Structures are given as structure tokens and as C-alpha cells.
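Shown next, in C-alpha cells, is the structure this report addresses.
The values are calculated or read from the model by the stated rules, or taken from the named source; none is laboratory data. Because the structure is predicted, anything quoted here is derived from the model rather than measured. All Cβ positions, even for glycine, are placed from backbone atoms using ideal geometry, and neighbour counts span all protein chains on display.
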């Protein structure tokens, strides 16, 4: 079993989260991914706690099923090695600021001259054009500039620093994979490669699925707690007597009615669809009062068999053991060299033909350098010379 993307060979120059998460998905689906890493400037995710067996758990997960070659890209010999690799690895993924790969002699035009079928995915904070193209940024900045943070939070406490890196993953990683695979389909039809420009800010901006449409089409500015789905209605989280939380998403009447009956307030169901802000505030307060009357376990037992779009908010330690997560096989054992297997999140995409089992967790920097150089046809003397000159690590 090879996976649906087993025909793809990808050179991954990215670090941190957006690019590596994208190439993780590709590798899980069978693509051959070779990370090109600096032997002197380590990917900081390798240092990120917590650690298991002396290795960052984040790095071991994000770099599952990938090989690593350590090359000093400032050396012409390393650039020559990349040129040889591009003849086989006809997809490049990079995450530098615009212009960096060009200065290294590894920009799209330079590598396209070696392999005209090359697909070259560039993931950046602000894209290859525009006044912010050279500006530094992180996930929180992209969410702020794109407008998402302006209506994600509470009026009395302000915007929320999200626990999940939304712009990095939903923006850079997932849109990057979509763009790359679209370019692959185009190449299959035409024989032409191309560069794919993915900006995390662009993609975050595109996530305004409903609020953005409302503002651009009708001039309605979204704000914190003034939308039906951002805390402006009863669609929200509610604290139990013992300090835990439940999510209530009973928007439709067929869910609202059994929910209100379950909390012994059937008369509240009629207010669920009211567009009036005061009605929604009153409804929320009534629901808050009811949830504060019982402990988490009591509510959990009550709603377990009720189809009302009400679910407990679980810490990650409980989420990984939830029967739905377990039934979907979302936690798997991944082999590690010289160590016991490590539990990791599995690929979330299911195929009727199946996926290959995980091959290995992310390994040491440059752990496949010698293997890759031999595959390129370099003899031991040439490899020794490259090591001596510190071109490879």
C-alpha cells in the first residue's frame, strides 16, 4: 500500500509549522518528502518542549514519514546538489521571505530552468507581492490584520489568542496543499509546472465565510459578541456547577426544543430564533442559570443520548480517549529508531483504499544525508569531500 500521492516527490525547505504541517499531510498520503535543512541554523521546532526520549514531540509529529538532508545552502556545492535533486523531486515547498531563495540561486526561475515541470509552492506571511511582502509576522499578526481577531473574543476582555494556529494551519498549510495539488492536476493535463503563491494573511482573510460576505454585500460590520456564532446569541459555552463547560449549538428548532426540555425550561425554545439582542442575552442568562445547577457528570449523562447539538468541552487528555476519536483511529503508534513507538495524531483523511502505516517519526537533523547523496550517484570520496568542507551535515 503506497497511498494516493505516492507518485509525488517533494523537496521541503520549510521550518516551524505552516510548511511542515502541509508536507506532513502530503507524506501521510504517500508522497516522498525530503526535508532540506541547514546544518548550522536549526529548525526551532526541534527545541520546542515538551520532549520525549530527548526529542521534541512537535518535531517528531510534524516530520513523520519524511527524510532529512542537511545542506548549507550558502555554498555553491549545496546549490548544485539541490539542482540534481530537482530533476527527480519535481515539487518544491519553501517558506522563506520573498527573495531569499532567489539570492541562494534556488528561486523558481532558476530551478524551472533545470526542470520545466517543476511545481514551486511558496508559503509566506503576506505573499510575493504588496507592501508587506518583506515584513515579518506570526499567526497572531495575520489574524489581526485580516480582521478575524476583531470579532473573535469577548467585549469585556478583547480578542482571544487562539490555542490553534488558525492562519498558519488553515491558511498556510491547508491552502498550500490545495494549491499544490491543483497545480499537480494542471501539470498532468498540460505538462506545465508553475509557482503557487500562498499568503497566510490572504487565506485568513478568505476565511470570513459569512461575516465577510455580510460586510461586503450589506455593510454589516462584525464585532465581538454581535454575531449569531461568535457569542452574540445563545450559541455559546456554559459553565457547570463544578467549573467545567458545555457547548450548546442547538440553533435549529428540532434541536432547541429537546435541549430546552432537557434543562426543564421548555418555554425558552421559542426565543431561540429571535434576532433581538436583548432576547438573546436573556436566553443566555437563563441557560447559564440552569447549567450552574448541576455538575458536569450529571449534564454529561443527560445529554449523552440526546441529539440536540450539545457536547461537553473536553481537555485534550479526555478528547484522545473519546469513543468517537478512538473509533476513527485518530491516535496511532508511530515507530521511532532505537526507541519505543510514540503515540501521535493520525492523518485525518480516510480513503476506502486505505493509507500506508506510518513509517517513522521525525528524526535527527540530516539523518538521511548520506543515503540521499548515494542515491544521487556520489561516491564515498565525493561525499567525504563534501563533509570535510561542511557543505553537508
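Results for (1) in the same structural domain as residue 183 (by TED's automatic domain parsing); (2) assigned to a strand (DSSP E or B); (3) in contact with a strand residue (DSSP E or B) (Cβ under 9 Å, 6 or more places away or on another chain), shown as yes or no for each residue.
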| residue | (1), (2), (3) |
| --- | --- |
| 93 | yes, yes, yes |
| 96 | yes, no, yes |
| 101 | yes, no, yes |
| 117 | yes, no, no |
| 123 | yes, yes, yes |
| 127 | yes, no, yes |
| 134 | yes, no, no |
Using the structure shown, decide if residue 297 is more than 28 Å from residue 210 (Cβ to Cβ) and at pLDDT 95 or above. yes
Residue match in region 328-348 (condition: part of a helix (DSSP H, G or I) and surrounded by 15 or more Cβ atoms within 10 Å (Cβ to Cβ)): no
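Table: residues versus (1) in contact with a helix residue (DSSP H, G or I) (Cβ under 8 Å, 6 or more places away or on another chain); (2) more than 18 Å from residue 41 (Cα to Cα); (3) surrounded by fewer than 22 Cβ atoms within 10 Å (Cβ to Cβ); (4) modelled with pLDDT of 95 or more.
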site	(1), (2), (3), (4)
61	yes, yes, yes, yes
85	yes, yes, no, yes
88	no, yes, yes, yes
99	no, yes, yes, yes
112	no, yes, yes, yes
Checking residue 182 against (1) surrounded by fewer than 19 Cβ atoms within 10 Å (Cβ to Cβ); (2) over 19 Å from the mean Cα position of the chain (by Cα); (3) closer than 25 Å to residue 107 by Cβ: exactly one of these is not met. Which one? (2)
Got a number for residues in region 281-300 being within 21 Å of residue 232 (Cα to Cα) and either loosely packed, with under 13 Cβ neighbours inside 10 Å or out of contact with any helix residue (DSSP H, G or I) (no Cβ under 8 Å at 6 or more places or on another chain) (or both)? 7
For region 221-238, name all the residues that are touching a strand residue (DSSP E or B) at 6+ places or on another chain (Cβ under 8 Å) and under 12 Å from residue 154 (Cα atoms). 224, 225, 231, 236
Residues within region 107-122 that are touching a residue at least 24 places away in the same chain (Cβ under 8 Å) and within 26 Å of the chain's Cα centre (by Cα), tallied: 6
Determine if region 15-38 includes at least one residue that is without any contact (Cβ under 8 Å) to a residue 24 or more places away in the chain, under 28 Å from residue 118 (Cβ atoms) and outside any strand (DSSP E or B). no
If only one of 361, 353 is in a loop (DSSP other than H, G, I, E, B) and surrounded by 14 or more Cβ atoms within 10 Å (Cβ to Cβ), which one is it? 361
Set 125, 137, 147: member being in contact (Cβ under 8 Å) with a residue 40 or more places away in the chain, under 20 Å from the mean Cα position of the chain (by Cα) and closer than 20 Å to residue 211 by Cα: 147
